[in-house]
Amino acid sequence: MGPVSRSNNERTKDLTEVIASHEVEIVCTQCQARIPKSIAFLKATREMRCPVCSAAVLLDVSSIQGEVRRVEKSLRALHSQLSSTMRDPKSN
Ligand SMILES: [Zn+2]
C-alpha cells in the first residue's frame with residue numbers, strides 16, 4: 001500500500017460521496033410536489049411522507065435505480081474527463 005493506492009481510494013471515496021449526496025426530485029403522486037432527496041436517502045428508504053400534502057409517497061425503486069445509474073454514469077464520465085485533463089500525458 002503506497003501513496004498511489006491511498007490517493008486512488010480517496011478519489012473513489014470522493015466520487016461515491018458526490019453521487020450519494022446528489023439530489024433527485026421525487027414527484028408526489030397526490031399533489032405533484034417535487035421533493036428533492038439525496039441518492040443516499042433514496043437508497044435507504046422505500047417510503048416517505050410528502051412534506052406538502054402529507055400523503056405517503058412510495059418510492060419507485062426501479063425508476064430511482066435508473067436515475068441513480070444515470071447520475072453515476074454522468075458523474076463518472078465527468079470525473080474521468082477531469083482526471084485525464086489533470087494528468088500529464090508525458091509522464092506516462
Ligand atoms: Zn404531496
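Every number in this text was worked out from the coordinates using simple rules, so none of it is lab data. This one's a predicted model, so the numbers in the text were calculated from it and none came from an experiment.
Between A56 and Q81, what is 0.36 nm times their sequence separation minus the Cα-Cα distance? Round to one decimal in nm. Before the final figure, lay out each step's value.
Numbers: separation 25, 0.36 × 25 = 9.00 nm, distance 4.04 nm.
So the chain would gain 5.0 nm between A56 and Q81.
Rounded to two decimals, what is the ratio between the C-alpha radius of gyration of segment 23-87 and 2.2 N^0.38 Å?
On the way: Rg = 15.1 Å, N = 65, 2.2 N^0.38 = 10.7 Å.
Compared with the compact-globule rule of thumb, segment 23-87 sits at 1.40.
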